[in-house]
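Enquirer: One structure follows; several queries about it will come next.
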Amino acid sequence: MLAHLGDSPDRAGDGYEELRLMLVKFFEWRDSWFPEEDADETLDRVVRKLDEGKEDIQNLTAYCFGVARLVHLEHLRAPERRRVQLEDVPPLSAPEHFPAEDEHEEQRLNCFRTCLQSLPSQTRELVVTYYQDEKRTRIDHRKNLAQELGISPEALRRRVKLARDKLEKCVRKCLRRLT
Amino acid sequence: MKQSPDEARLRAFLLGDLPAAERDAMEADIFADKEVFYRLSEIEDRLIDDYARGVLTGEERLRFEQLYLTNPARRQRVEFARALTSALDRQSDTPVTANTLTPELAAAKVERQRWWLSLLELLRARQTAWTVMTVCLGLLAVAVGWLWLERSRLQAELTQTRLAYQAANERQRELEVQLAALPRPASNPVPSPTATVTSQPTPLTSAEAVLAFTLNVFALRSETNNATDQIEFPSGTKRLELRLPLLKHDFSRYRISLHDSNARLIFRSTPRAANTTANPPLLTVNLPTNRLLADAYVLTLEGISENGEFEPVGKKQFRLTRR
């Protein structure tokens, strides 16, 4: 599969991440409750097809899109697949303390700061600078930012989206640990 | 904010407002063109951020909540957007929002500012260095000019001093001569014992301050020609009268010349006749003492023939000394 995604390990890795993100978003926009799992299932199926070698896949992305639609339809038709018996659910103790909104906001902020700090410095700068002027002259600001970085506005948008996605995953994990 | 039709369509897709056929077409576009995907993602992020900031209103807000708050995965995205917008907006009063979010960013900003400050300092230092160098060059030029003028002035002073020194020397010499010409208390000059003066000098008369000596001028090849007479005269003597007895009187007129030890002509008399009343005939010549220094002299006697030619007659060496 990686051979379809890039001519070098690095490019193939980036391509895989990008493809997975597209699939996750596809399932999100289809209102899936488990978009990441659905995306991984889609990719597993595609890899299996490639390993079987029965199909000549010319456009991997388009092929993945087709498989994703099938996965989504299957889940719509058999929602019970995801359901588990209550007895099978591991017991969870109720939290002793439900944080107030202010406290929760502080937790979110702490997680955000921690995760932001964990990013490479250039990525960190990029994310913050990109969203800093959200309320201001956004379009001009981002054009200037792309010019400063020597990349097109489209490449900037892609780079920022991938960085935001990483940051978001980190914050999600952090908040999960706290709650 | 006015939205382009394309963006409005994308927002409608995100809020589930597109018909199924259009939604499918849009999804196909997303997987066929990554730019559409990233554009749609950006619009969705902004939509979520706007909701987190509370700027969505009316129907749009309602549609958003129906879709995003009822889905656990999407709700987590709203949580993240709240954290992001909160962090950014809390710093909205601070101009350098990006760099105050984390200590590291703040430190990085400070580092960059330091770098710029260092560059500015360097530029300022260079400007200062240029200014200092210019001032130094100016001072150096002034110093060189001053030294050149001072050297010219000193040279002029040196020339004047030399001239003054020469003038002083000449003046000293003149004064010495004048001093020598002053009358002294009467005292007879005592010829040197080694002198071969053939007659005693006449007594010095204070009025004229004249000292008379008689010299024997020998023939040029005389054996006694090498003898040197020594004439000593007092400082006050104005004239020195030399009397030359002619042992052989062959010419009607004679000329007397006096040369110093460097063979420079000191004195040359006009042609004159010998006093034949004296026995032997006598030639007399008066030498002004201001032209004579303590030195060795050679007196030459020449006879003037009938056809005007000068013929050597005799020569006498003597040494003058002052007392």
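The values are calculated or read from the model by the stated rules, or taken from the named source; none is laboratory data. Note that the structure is a prediction, hence the values are computed from the model and not measured. So basically every Cβ, Gly included, is an ideal-geometry build from the backbone, and we count neighbours across all protein chains shown.
Enquirer: How do the pairs read when you match residues in the stretch A:66-77 that are under 14 Å from residue A:36 (Cβ atoms) and in contact (Cβ under 8 Å) with a residue 24 or more places away in the chain with residues anywhere that are charged (D, E, K, R) and assigned to a helix (DSSP H, G or I), using Cβ under 6 Å and keeping only pairs 6 or more apart or on different chains?
Expert: Final answer for the pair search is A:71/A:38; A:71/A:41.
Enquirer: Also: Out of all the residues in the stretch B:154-185, which are among the charged types (D, E, K, R) and either part of a helix (DSSP H, G or I) or not assigned by TED's automatic domain parsing to the domain that holds residue B:236 (or both)?
Expert: Answer for the stretch B:154-185, where residues must be among the charged types (D, E, K, R) and either part of a helix (DSSP H, G or I) or not assigned by TED's automatic domain parsing to the domain that holds residue B:236 (or both): B:157, B:162, B:170, B:171, B:173, B:174, B:176.
Enquirer: Looking only at the stretch B:54-73, count how many residues are more than 8 Å from chain A (Cβ to nearest Cβ) and assigned to a helix (DSSP H, G or I).
Expert: 10
Residue by residue, here is whether (1) modelled with pLDDT under 90; (2) farther than 18 Å from residue B:45 by Cα; (3) within 11 Å of chain B (Cβ to nearest Cβ) holds:
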| site | (1), (2), (3) |
| --- | --- |
| A:119 | no, yes, yes |
| A:131 | yes, no, yes |
| A:142 | yes, no, yes |
| A:147 | yes, yes, no |
| A:170 | no, no, yes |
| A:176 | yes, yes, yes |
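Enquirer: Can you give me the number of residues within the stretch B:1-15 that are at pLDDT below 90 and at the interface with chain A (Cβ under 10 Å from one of its Cβ atoms)?
Expert: 1
Enquirer: Consider residue A:34 against the criteria (1) free of Cβ contacts under 8 Å to residues at least 24 places away in the same chain; (2) within 9 Å of chain B (Cβ to nearest Cβ): it satisfies all of them except one. Which criterion is unmet?
Expert: (1) is the only condition that residue A:34 fails.
Enquirer: Check off (1) more than 10 Å from chain B (Cβ to nearest Cβ); (2) at pLDDT 90 or above for residue A:69 and give me the number that stays unchecked.
Expert: Failing condition for residue A:69: (1).
Enquirer: Can I ask one more? Only one of (1) of a type outside the set (Val, Ile, Thr); (2) more than 17 Å from residue B:319 (Cβ to Cβ); (3) touching a helix residue (DSSP H, G or I) at 6+ places or on another chain (Cβ under 8 Å) fails for residue B:233. Which number is that?
Expert: Result: residue B:233 fails condition (2) only.
Enquirer: Kindly provide the set of residues from the stretch B:1-51 that are closer than 21 Å to residue B:68 by Cβ and not in a helix (DSSP H, G or I), ordered by number.
Expert: Selection gives B:1, B:3, B:15, B:16, B:17, B:18, B:19.
Enquirer: Right, next: Looking at residue B:21, is it within 11 Å of chain A (Cβ to nearest Cβ) and of a type in the set (A, V, I, L, M)?
Expert: Judged against the criteria, residue B:21 is not a match.
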